[in-house]
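Worksheet for the structure shown next.
What follows draws every value from the coordinates through simple rules; no lab data is involved. This is a predicted model, so every value here is computed, not measured. All Cβ positions, even for glycine, are placed from backbone atoms using ideal geometry, and neighbour counts span all protein chains on display.
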Amino acid sequence: MKGGDLFRILIVEDDSKIASFIMKGLKQSGFAVDHAGNGEDGLLLAKQGVYDAAVIDIMLPRMDGLSLIKELRREKTNLPVIILSARRSVDDRVKGLESGGDDYVTKPFAFSELLARLQALIRRSGNNAEPRHLTAGDISMDLLAREVIRDGRRIDLQHREFSLLEYLMRNAGRAVSKNMIMEHVWDYSYEPQTNVVDVLVCRLRNKLDQDFEEKVIHTIKDREVIQSELDEYAIQYKEGGTGALQQEVKLEKNLSGKNPFFVRLIGPENKTVFLNIPDKWRKFDLQQLEISNIKSSYQWYYLKTKGNKDILEVALQHLSDGSLLEVGKSVAKRNEILERFNEIFTGVIILVVVVGLTGGVLFAVHTLRPIRSLNNTIQSIINTGRIDARVPTSNRGDELDELSTAFNTMLDRIETLIAGLKMGLDNVAHDLRTPMTRLRAIAELSLRSEQNEDGLRESLSNCIEESDHITAMLKTLMDITEAETGAMKLKLEEVDMVTLVADAVDLYGYVAEEKGITIHTTLPEKLSLTADINRLRQVLFNLLDNAVKYNRSGGTIEIEAFQRHQHVTVLIRDTGIGIPAEELPKIWDRLYRGDKSRSQQGLGLGLSLVKAIIQAHKGHIEVTSNPGVGSQFSISLPVLPSSLSL
């Protein structure tokens, strides 16, 4: 609210469905919204009305979005503007911001992120003084002294933990995604393929909740699932008593093949009437459950195992006959990253090559013989589908002989391409069945079952999560293709490799610490080269992520960087499982995953992207490995690349 009025937002978007989606979300969030479907109408509304911010698409009819923003700035309008566009390259974002935009959001986007950016933009434009203290519940934070107090007790946090808590407190009561945390805590605009966010949240939760019964950081989805199950069991008990409750629990076990929920029914005499305990949860001390002094219809309890390695979250509800019903679920998996797609179906086009007929009616019989041989070979390929046939050559060096040689060379390349394509398709088909089955199952269950709103939200959330994984894989494939074809635009600048390595170690330090892995670095004070800093980050993050992921517990990782003969060399050694000799030439192929790597999360594209980026910088990368001992990746990059375009 502002002076008793709603914040008013101008939406300039020609796609009616997207505009309706944004307007509905903003109105539900308490904003007043006006909409224009083209650039000219948007400019007219902006001049006539008073708005707190605007969301403007670039591709607009009658006046494009950049021209609209320039016109607003030309008239000295200080209206905060968020650019909304499907154009996502660095050059497009820079052009949009230089034209007068204050922020840039690419399609597809999450509405929660757009809302957060819009609120931050309005907050900054209001010239509000930055507070020194933040408060959320019984937690207070002093931003200048960098001190955190909970219920009178000081809590010591590391730098990243403090930054994460500050971001969560500034967004108290609002759900934030992993991508949003990566952007605000680490200042990275993409999410590396790792569970670093989950590890950091787990560490922060353990420090904040130690010796406190009330938990302050929650994963909303898990609580919604528990509460949904509690409501379902309560309905079954109300309709059919204890027998119906037992039957429902048994039915869920049979259908899912799992027993994920703790269920206990307590009679009016405070005696357990029915109890269902998954075998793996017998390590919990059920005597910790207290059922006295319950003042609301729901109450949450937390049971811990010895060493606080696992937590059972329990919800309790009063029933109409005086009984109490408890439903619980382990929350350990909150700190595990969702299993990503191993491989995804990539659109491919099967090449069908038809060689044009050459020759002429006036050629002599001996001239037509090579053409006849060429035609026979083509017919053989068409009829049999085999492309290992070749046109006989006479070695005479004439035009027809050159044509036959060129045709055979083309067939050689096509045969190699199709062989690689077949292998990629086999990998995609193998690993795509599970995620596609999961998406179909979610959709079918949602359509067939009479779920409440929370259940439908859960299904849609799962579908969005799987869609994000597909988007990440497609983006990686596009990056690899751009790099291999020379279309990748590199933003070259002076880069300090020492700083990049330190950033990578800082990012993966928490994950390595959880596995007991020690990271050693041997670095000079400064090591400069000309390169694209964001692309080199992707290279180091991928290699260090693999070194941690495939390392043994208690292992080590050594990173060494130095300059030799106008080249910067980076060596990354690990003591992991190693790579078999027969797999070494294949690890750079798209979607290839070795037998030992299939048990780990990943897209099968990381090393392909690494090699493509290095080659785009006119460098090279090599690997040596000894199974059971470890691997070493060696990167060599020119200090001043002479043939790269800025």
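Write out the GluC sites (Glu not before Pro) in the range 53-139 meeting two conditions: DSSP loop, and at most 13 other Cβ atoms within 10 Å of their Cβ. Walk me through the numbers on the way to the answer.
Details: sites: GLU71, GLU75, GLU98, GLU113; in loops: GLU75.
Listed in order of number, the matching sites are GLU75.
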Evaluate E = 1/(1 + (r/R0)^6) for ASP41 and THR106, where r is the Cβ-Cβ distance and R0 equals 22 Å; express this FRET efficiency to the nearest 0.05.
0.35
Taking N as the residue count of the range 1-111, its alpha carbon Rg divided by 2.2 N^0.38 Å gives 1.00
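Using the Kirkwood radius built from alpha carbon pairs, what does the Stokes-Einstein equation give as D for the range 483-539 at 10 °C and 1.306 mPa s, in µm² per second? Can you show the working numbers first?
Working: Rh = 13.1 Å.
After rounding, the answer is 121 µm²/s.
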Take every DSSP beta bridge whose two residues both sit in the range 1-154, then give the antiparallel share in percent to the nearest 5.
40 percent
Which net charge results when you count Lys and Arg as +1 and Asp and Glu as -1 among the other residues whose beta-carbon is under 12 Å from that of LEU529?
-2
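I'm checking a number: the convex hull volume of the Cα atoms of the range 21-62, normalised per residue, in Å³. What is it?
Details: hull volume 3.0 nm³, N = 42.
Given the Cα convex hull of the range 21-62, per-residue volume reads 72 Å³.
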